[in-house]
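No lab work stands behind these numbers, since they all come straight from the coordinates. Since the structure is predicted, the reported quantities are computational estimates derived from the model, not experimental observations. Backbone-built Cβ (ideal geometry, glycine too); neighbour counts: all protein chains shown.
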Amino acid sequence: MNNLLAGHRRIVVKVGSALLVDRARGLKRTWLESFGEDIARLREEGREILVVSSGAIALGRKLLKMPTGPLRLEESQAAASVGQIALSRTYSEIFGRHGIETGQILLTLGDTEERRRYLNARATIATLLGLGAVPVINENDTVATSEIRYGDNDRLAARVTTMVDADLLVLLSDVDGLYTAPPALDPSARHIPVVEHITPDIEAMAGAAGSELSRGGMKTKIDAGKIATGSGSAMIITAGNRLFPLSAIERGERATLFKASGSPVTARKRWIAGHLNTAGRLVVDAGAVKALVAGKSLLPAGIVAVEGDFERGDTLVIAGPDGLEVARGIVAYDAEEARRIAGRRSSEIAAALGYEGRSAMVHRDDMVMEWIAGERPEAALGAA
């Protein structure tokens, strides 16, 4: 396989907990030192590198001598508060040997879901890169609860990738790529070196989490791939449990490359498409799907069902008559108003609402299409 890092200038590298922390011994310093050498060499080649690092909770529970097994929320947050300091100090020390400054950034789900906070985080990261530092990013596990968390750093890394317009996302994991089935369960599973498009068949190949140190699994990596590739970034999944893991990619060691979409979208639409939490769903008829594919806005007349309790400005899923997602967009009405005008012509909106509202439920400038199997939605709908 060719050098998959070639040609990529800005690279986000996600490091899993199991790569960083040994349950019995703590930090895997030898591995981290080799990783630091890889980063230093890539930077000397003119690359910009961002690191999305798991490991704070795993490291903190080791330092605090907490028992193995599931942790309560407050225990996880306590472990994270200790682990984040130790992890940040370690990255600073290892990268510092190569004259590289690091900047720690802790994000919660709202920092990428809310537009203003998203732009603030983007500006901070861009400034760090401009000053020659390596941003080290993690979820803020000390304050995040189940309702406001990513739940895994694969999707966080994908959101960061789209936020900073990175060319490539590298997921260093305990597996060396995507297989037709979980290889630990099916010895006949075949490795897939290249994924052109993430189809339902590809999604069906995902397995469960690999260890108690990791909240992620292949499913979250596929979810990350949909976010990254749909925004014009490529993604690589490869085994990170070897020394000099980025050099291994360059040598052609086994990995899976997910190719970037050929139709990258604008920065605003990348933000819309990457939403992990949507507030509701609009189900539309086949005629509306065809209009959306043609670049039109979503009008109330094409809506057959309104689901969820949302407010104007929230991001919603737009689904076709078969229930498949065809788009995401920012809605111009709250849920109650949307239900009152769903199925009505634009000329009837004023009478239904008592005031002159917007003609579009979701304007085309506030919408991004969900390509199905790498094709436009009309191909998936067939003759509908």
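Quick notes
- Of all aspartates and glutamates in the structure, the ones whose alpha carbon falls short of 18 Å from that of LYS226, not counting any fewer than 8 places away in one chain, are GLU113, ASP152, ASP154, ASP165, ASP167, GLU196, ASP201, GLU203, GLU325, GLU370, GLU375.
- Amide H contacts of GLY103 (H built 1.01 Å from N, under 5 Å, at least 5 apart or other chain): VAL134, VAL136
- The lysines whose alpha-carbon is closer than 23 Å to the alpha-carbon of LYS296, local same-chain residues fewer than 8 away aside, are LYS269.
- From the coordinates of this entry, Cα Rg over 2.2 N^0.38 Å is computed, and it appears in (1) 1.26; (2) 0.97; (3) 1.05 under the label (3).
- Percentage, to the nearest whole number, of Cα pairs in segment 84-194 over 16 Å apart: 68
- Rh (Kirkwood; distinct C-alpha pairs) - segment 5-92, Å: 14.0
- Simple Cβ-charge dipole of the chain, Lys/Arg +1 and Asp/Glu -1, about Cα centre, in debye nearest 20: 580
- Once C-alpha pairs closer than 8 Å and six or more residues apart are averaged by separation and normalised to the residue number of segment 279-381, the relative contact order reads 31 percent.
- Helical contribution to [θ] at 222 nm, DSSP H n ≥ 4, -39,500 (n - 2.57), averaged over the chain, rounded to 500: -10500 deg cm²/dmol
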